[in-house]
1. From the list VAL163, VAL127, VAL155, exactly one residue is assigned to a strand (DSSP E or B) and either within 26 Å of VAL243 (Cβ to Cβ) or in contact (Cβ under 8 Å) with a residue 24 or more places away in the chain (or both). Which is it?
2. Out of everything in region 18-33 that is in a loop (DSSP other than H, G, I, E, B) and more than 14 Å from GLY71 (Cβ to Cβ), what residue ends up being modelled with the highest pLDDT?
3. What number of residues within region 121-144 are farther than 12 Å from LYS102 by Cα, of a type in the set (Val, Ile, Thr) and surrounded by 17 or more Cβ atoms within 10 Å (Cβ to Cβ)?
4. Among the residues that make up region 25-48, is at least one of them closer than 30 Å to PRO87 by Cα and either without any contact (Cβ under 8 Å) to a residue 24 or more places away in the chain or of a type in the set (A, V, I, L, M, F, W, C) (or both)?
5. Can you find a residue in region 84-91 that is open to solvent by less than 30 Å² (accessible area, probe 1.4 Å), at pLDDT 95 or above and touching a Phe, Trp or Tyr at 6+ places or on another chain (Cβ under 7 Å)?
6. Would you mention how many residues in region 215-230 are more than 21 Å from ILE72 (Cβ to Cβ), in contact (Cβ under 8 Å) with a residue 24 or more places away in the chain and open to solvent by 20 Å² or more (accessible area, probe 1.4 Å)?
7. Would you call MET79 open to solvent by 20 Å² or more (accessible area, probe 1.4 Å), under 21 Å from the mean Cα position of the chain (by Cα) and closer than 20 Å to TRP213 by Cβ?
8. ARG80 - would you say it is modelled with pLDDT under 95 and farther than 17 Å from LYS216 by Cβ?
Amino acid sequence: MKLFSIAVLTLCSSVQAAEWGSVTGQFVLDGEVPTVAPLVAKGDSNAKDAAVCAAEGVPNDAMIFNAENKGIANIIVYMRRAKTVHPDLVNSKEKTVEFDQKNCNFLPHMMIVRTDQTIVCKSSDAVAHNVHATPFANSAVNFIVQPNDQSGVEVKLPLAEPVAPYVEVKCDIHPWMKAWWVVFDHPYAAITDKDGKFTIENLPAGETEFRVWHEKVGFINKKWVVDVKPGKTTTLETVPVSVDSFKE
């Protein structure tokens, strides 16, 4: 009887595992990789708070391309709604996520925030910044983060954003500073890394519809249907994105 019970449990576990799968993919630039000027040049004495903001310069994080493999960073791939969520992912493992300000640049530039998480807005700069965001469903925020504040100011976004999940964050003191909080009430989203790669794990098996968005391009794909194979990680075909899409 004991062996039978173990066999049944093993079979049930295998069946349950087969109901979920993962996907991985890459977005690359179709065309020559352009030279992207910084938002603030290193040593620019005319920049506001130049001693801090121009000490290293401020890169244009909206235009990060890998010269070696043409990978595109900061593309968000996400499921708009999730009817089913893997049991291990129902609640976020990390209850807080950090949003820093360093060299007059928001870090990270794009950050996924789940509705059960708290954003801790801190600063590694010796000058004051403000965090200004106006979500649609959640309450707007606009507050000063004091110089070198490592304790931070907490922000909660308890509601999913029904119109668009990407919430623009800006600093009114240093107008080039911009970032994005991408708000979801589920775990099925990813941001491409410096190589243009992403992975989304433990998705419901079967045909799944994603949206793909970049702040300069808008929707790269508004209805990307992917077949999630049960019990496997499916490597998707590399997706090219025209360099002309990123021109101002």
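1. The unique qualifying residue is VAL155.
2. GLU32
3. In the first step, residues of region 121-144 are kept if they are farther than 12 Å from LYS102 by Cα; the result is 130-144.
So of that shortlist, the ones also of a type in the set (Val, Ile, Thr) come out as 131, 134, 141, 144.
With the extra rule that they be surrounded by 17 or more Cβ atoms within 10 Å (Cβ to Cβ), the set shrinks to 131, 141.
Adding up the residues that qualify gives 2.
4. yes
5. Yes: one or more hits.
6. 2
7. no
8. When the stated conditions are applied, ARG80 passes them.
The values are calculated or read from the model by the stated rules, or taken from the named source; none is laboratory data. Note that this is a predicted model, so its numbers are computed, not measured. Please note: Cβ atoms are built from the backbone with ideal geometry, for glycine as well, and neighbour counts cover all protein chains shown. Heads up: the accessible areas ignore ligands, DNA and RNA and are worked out on the full protein's heavy atoms, side chains in. Shrake-Rupley method; radii C 1.70, N 1.55, O 1.52, S 1.80 Å.
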